[in-house]
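A short worksheet on the structure shown next.
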Amino acid sequence: MSYMTDSLLGSLGRWAARRRRLVLAAWVGLLVAATLVHGALGSTYSDTLTIPGSPAQTGLNILRAHDPRAGGQAGQVVFQSSDKPLTDERSAVQQSLRNLQALAHVLSVGDPYTKTTLAADGRVAYATINFDENPQKLGHSYVKDVNDAVSPARAAGLSVAYGGALGLAAEPKANDVRSELIGILVALIVLLVGFGSVYAAGLPLVSAALAVFTGLGTLGIVAAAISFGTSAPTLGLMIGLGVGIDYALFMTTRFRQALIDGETVDEAIRGTVAASGHAVLTAASTVVIAMLGLYASGISFIGKLGLAAAITVAVAALAALTLVPALLGFAGRSIDRRVVRRVVAEPSGEGSAMHAYVGTIERHPWRFALGGICLLLVLAIPVLSMRVGHVQPTAEPASFSDHRAYVAIQKGFGAGANGPLTIVVSPSTGKQVNAQLAAHLGAVLRSQPGVSSVPHMSVTDSGQLVVGRVLPATGPGDTETANLIHRLQYQVLPATLKSTGDHGFVTGGTAATDEFVSTVSARLVIIIAVVLAAAFVLLLAAFRSPVVALKAVLLNLLSIGAAYGILVAVFQWGWGSGLLGVDGTVPIESYVPMIIFAIVFGLSMDYEVFLVSRIREHWLASGDNAGSVASGLGQTALVISCAALIMASVFFAFLLSTKVDIKMLALGLGASVLIDASVIRLMIVPSLMFLFDRYNWWAPAWLAGPVAGAPSATAPSAPAPASN
């Protein structure tokens, strides 16, 4: 093991173990400092689903430049009465509106008593409020101010709910404590059952907890300067906790095995950090690269979600390389002293169940390979009918304000009233527009199929814009509405304005969201290509084997396809969605497939690296491919299975979230981890490595060379034919 102990990582591990009190104090200090600074900065998170340079964003920019009061972030305040017309409580409603207008950040407050904002039965009305910034950034204290402002209406017996950006701001603050505790509890049980020792079970949890909360504090500090989406902290928590436990678990298991093999504590720690630490570094680098690869989408919202996850993963890896060896130094040989169940660290010897299983794969590699691949292809079948979109408020709990506002508006004004489109016409040469153009455009728009009504189309006071609203006949999440937006933007407006040379734009929240969905869907292919290329290069550098790298990339595509298929079946087809607290069927949230792809691809590389690293070590020492595959799988199967079960449990615990996109991420990530660890790592990978035999380790002359963290050895330059 001299090659390990001489490595830089081994030296780092030895230093951390010898300075364990200093290292532990430093990590506790980092956690406290990050938490305090985060709290002092008061970082907030908000969702801005816009595409710079898109027609919707361009139209909004023009509107803001000419009329800031109309071009702000829009929200709705919905008033509803159960037993009397709202006109009976006009004074209470008007007082509420005056209170709202007096609030900071409010640009304008609409009139709920117009023909288009008061329902026919007189029991539902809404006022549109424009803010100078996204209400989500203003925090829950601002929502409290809004609640105080509308108290006269509530005192009069009216129901008041908020929609749009204000409705999102009013959603209850995500409470992930239950999910964290459930994930940690399951992890503890799995570790105790799998490894028997209280110390060995507790060490990964302590390390992961310190790392993930330090990472979240760091994320909060960064969020003070960069605007992250509301899902960012939960996403960072899910990934950081999962990989933090995994990395510490792999290192703890290696350390225990070294002690069983007769090494001293110092030698065991140095060797553990050199070997497993190198695997952690490679795996974490793959995850971080995959997450940062989301910036290749060109959509800052998506890229920042990837950055949030990358921050917590990087902190978890740093903890694995410094904090874990320090904790191992504290534990020493006592790591197996508090035993609840006597086990061997890596049960892979002759006569063991794992040895028998590996022997079965070696005798029937084709059956295992084809069986696993066919299973993944069957799970991926629903992907063929995947429909991406934006989840509407009705999928959220009925107690949420935006859910109640959405239902009330739909009941009073029709489905399209929840997704109004704003039409902006700007002259091309700075000339004035006239009322005739507004009237003509209104008539053209009213005649279009899919349009419910055009409440108004008028010239602004400056005379430089024509602005109006179009109410679709269908809801904001419907395919027909998306088709209408596209037809108006790229056919109707250009044709109508061709003779005048003016420019027309379809803007507003519904149009911006539709453009976001379309752009994300189109750029998913770019993300896949970037992440695949980056992962292939990284694995090629780590193992110097084109076969190993290419096999890993292709198999991970199958794993991700299966995860997508499960998402479609549950959420889009409704197979069991009610059990997850989702009302009815919903489209797959537009950015979820992209996020899942990057995360799953990165995480699956963890298990690939840990498994193939062990196989590679035996191959370099013996040159026996079959024996190396058997030994490597036998030594890592238990720890990979436990790690996958822990990580999946952490992910599944977040199914308790009230946010549908988090539920999708939780299910997709949890399912993919289980699929990857069971079907791919325990069936397909070993069977293919048996089939490829010495071709697994072939490399062209320009690539062949010593592998970092491995002894100086090279695979045969001319591989022998594979034998079954």
Cβ pairs under 8 Å, 6+ apart or interchain, first in segment 563-574 and among the polar types (S, T, N, Q), second modelled with pLDDT of 95 or more and surrounded by fewer than 22 Cβ atoms within 10 Å (Cβ to Cβ), ordered by first then second residue, are Gln572/Pro382
How do the pairs read when you match residues in segment 602-629 that are within 21 Å of Ser559 (Cβ to Cβ) with residues anywhere that are outside any helix (DSSP H, G or I), using Cβ under 9 Å and keeping only pairs 6 or more apart or on different chains?
Val612/Ser545; Ser613/Gly709; Ser613/Ala710
If you go through segment 180-218 one residue at a time, how many are aromatic (Phe, Trp, Tyr) and either within 30 Å of Ser43 (Cα to Cα) or out of contact with any Lys or Arg (no Cβ under 9 Å at 6 or more places or on another chain) (or both)?
1
Would you confirm, using the coordinates I've provided, whether Leu249 is more than 21 Å from Leu292 (Cβ to Cβ), buried (at least 24 other Cβ atoms within 10 Å of the Cβ) and touching a residue at least 40 places away in the same chain (Cβ under 8 Å)?
yes
Any chance you could count how many residues in segment 93-126 are in contact with a Gly (Cβ under 9 Å, 6 or more places away or on another chain) and closer than 14 Å to Ala153 by Cα?
5
Taking the criterion of being assigned to a loop (DSSP other than H, G, I, E, B) and at pLDDT below 85, would at least one residue in segment 134-151 satisfy it?
yes
If I go through segment 411-443 residue by residue, how many of them are part of a helix (DSSP H, G or I) and surrounded by fewer than 17 Cβ atoms within 10 Å (Cβ to Cβ)?
6
Being buried (at least 18 other Cβ atoms within 10 Å of the Cβ) and either in contact with a Phe, Trp or Tyr (Cβ under 9 Å, 6 or more places away or on another chain) or touching a residue at least 24 places away in the same chain (Cβ under 8 Å) (or both) is the filter here, so list the residues in segment 454-463 that pass it.
Met457, Val459
Only residues that are surrounded by 15 or more Cβ atoms within 10 Å (Cβ to Cβ) and of a type in the set (Gly, Ala, Ser): list them for segment 570-601, please.
Ser577, Gly581, Ser590, Ala598
Exactly one of (1) charged (D, E, K, R); (2) over 19 Å from His618 (Cα atoms); (3) touching a Leu at 6+ places or on another chain (Cβ under 7 Å); (4) modelled with pLDDT under 90 is unmet by Asp661. Its number?
(3)
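If a residue has to be outside any helix (DSSP H, G or I) and not hydrophobic (A, V, I, L, M, F, W, C) to count, how many in segment 227-243 make the cut?
The qualifying residues number 4.
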For Val517, only one of the following conditions fails: (1) in contact with a Gly (Cβ under 8 Å, 6 or more places away or on another chain); (2) over 25 Å from Leu674 (Cβ atoms); (3) buried (at least 24 other Cβ atoms within 10 Å of the Cβ). What is its number?
(3)
Kindly indicate whether Tyr113 is of a type in the set (Ser, Thr, Tyr) and outside any helix (DSSP H, G or I).
yes
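The values are calculated or read from the model by the stated rules, or taken from the named source; none is laboratory data. Keep in mind the model is a prediction, meaning the values are calculated, not measured. Here Cβ is always computed from backbone atoms with ideal geometry, including for glycine, and neighbour counts include all displayed protein chains.
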